[in-house]
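Peer 1: Below is one structure. I have some questions about it.
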């Protein structure tokens, strides 16, 4: 049992499958959620899996450098800025419209 | 051998928990539960970063994502009263189409992974501390340094802070000119040319 587990340590492809799965779940949430805050959470999932991908490639393709980790730090900083602006927009929108349902936001359509 | 066996076990444990919690993030009806599940996903990611020899990044992940961004999202849920107003259950057709789109993306990407050869490196991780290397790289202004993106990201964060304050603050009711709420000198004496009521009276006169 221990031997089997020791021989099957996760390779690069396993890590990539994991981050792709997380990204696809985030994509599903982005497409199906009606609440704007829920959409923001799905975007966070996708950004997180992208950052994970950077670190995975850093570890397996160039372990002597840290460029992938620095990219992941930049992704985290950009995600923080995005959440701040998104939350401000949703709060202002709620004050004007009384809802954050994206189905109801079709003012420019008519 | 025990070490690599436990490495495998921990990887699959963290991966399964991350996938299950992210399914909860996109499917939970109550958004506060989704926010807590998102916190779980991000913590699992921090664990995965530790497994990838990126301990500094794991610390940043816990500090910024779990401690900051999730709290902001919880605030967003509460300030928009999403928890009580909007039970988020999308239409079945939308669910099916979303599932088809994301599964197609998954299949395409997995196909690319299977067919492309990656240039794997046989090197081990550096003996020096990763954190030292990251710090040197971030402030290195030579070739391959990251001092310019580092400064630009600080500018981006400053812009986001100011933009957040400007967008989310209380605005005057419609029909009033933009004021700073009495902060500027001479504003107290300023009176709009006509108020909303006078404007309506005028409209009535015109109609008569």
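Peer 1: Which whole-number percentage describes the relative contact order of region A:1-106, with Cα contacts under 8 Å and a sequence gap of 6 or more?
Peer 2: Values: 79 pairs, mean separation 28.3, N = 106.
Reported relative contact order: 27 percent.
Peer 1: Enter the Cα centre distance for the pair region A:87-109 and region B:96-170, rounded to the nearest angstrom.
Peer 2: With region A:87-109 and region B:96-170 each reduced to a Cα centre, they are spaced 30 Å.
Peer 1: Another question, if that's okay. For an R0 of 25 angstrom, estimate the FRET efficiency from the Cβ-Cβ distance between residue B:20 and residue A:7 and round to the nearest 0.05.
Peer 2: Working: r = 26 Å, r/R0 = 1.05.
It comes out at approximately 0.45.
Peer 1: May I pose another question? Roughly how tilted is helix A:36-61, in degrees to the nearest 10 and between 0 and 90, from the longest Cα axis of chain A?
Peer 2: 20
Peer 1: Calculate, in whole percent, how much of the Cα-Cα pair population of chain A lies beyond 17 Å.
Peer 2: Values: 3944 of 5995 pairs.
Of all Cα-Cα distances in chain A, 66 percent exceed 17 Å.
Peer 1: So how much slack lies between residue B:155 and residue B:2, counting 0.36 nm per residue of separation and subtracting their Cα-Cα distance, in nm? Spell out each step's value before the answer.
Peer 2: On the way: separation 153, 0.36 × 153 = 55.08 nm, distance 4.72 nm.
Separation in residues times 0.36 nm, less the Cα-Cα distance, equals 50.4 nm.
Peer 1: Between residue B:36 and residue B:118, what length comes free when the chain is fully extended (0.36 nm per residue of separation minus the Cα-Cα distance, one decimal in nm)?
Peer 2: Values: separation 82, 0.36 × 82 = 29.52 nm, distance 3.60 nm.
This chain segment gains 25.9 nm when fully extended.
Peer 1: If you average the C-alpha positions of region A:1-49 and of region A:50-65 separately, how far apart do those two centres end up, in angstrom?
Peer 2: The two parts, judged by their Cα centres, are 16 Å apart.
Peer 1: Now for a different question. Against the longest principal axis of chain A, how steep is helix A:12-32, in degrees 0 to 90 to the nearest 10, with axes from Cα atoms?
Peer 2: Tilt relative to chain A: about 10 degrees.
Peer 1: To make sure I understand, if each residue's beta carbon is the centre and we count other beta carbons within 10 Å, what order do A:28, B:146, A:17, B:12 fall in, fewest to most? Kindly include the intermediate steps, with their values, before the conclusion.
Peer 2: Details: A:28 25, B:146 21, A:17 18, B:12 15.
Least to most surrounded, the residues fall as B:12, A:17, B:146, A:28.
Peer 1: Right, something else. How big is the C-alpha Rg of region A:36-100 next to the rule-of-thumb value 2.2 N^0.38 Å, as a ratio? Mind showing how you got there, number by number?
Peer 2: Working: Rg = 15.8 Å, N = 65, 2.2 N^0.38 = 10.7 Å.
Cα Rg divided by the expected 2.2 N^0.38 Å: 1.47.
Peer 1: Where the Cα atoms of region B:1-86 are projected onto their three principal axes, how long is each span, largest first, in whole Å?
Peer 2: The principal-axis extents, from largest down, are 54, 25, 11 Å.
Taken together, the values in this text are just the output of simple stated rules run on the coordinates, not laboratory data. Please read these numbers as outputs of a predicted model, since none were measured by experiment. Cβ coordinates were reconstructed from backbone atoms using ideal geometry, including for glycine residues, and neighbour counts include every protein chain displayed.
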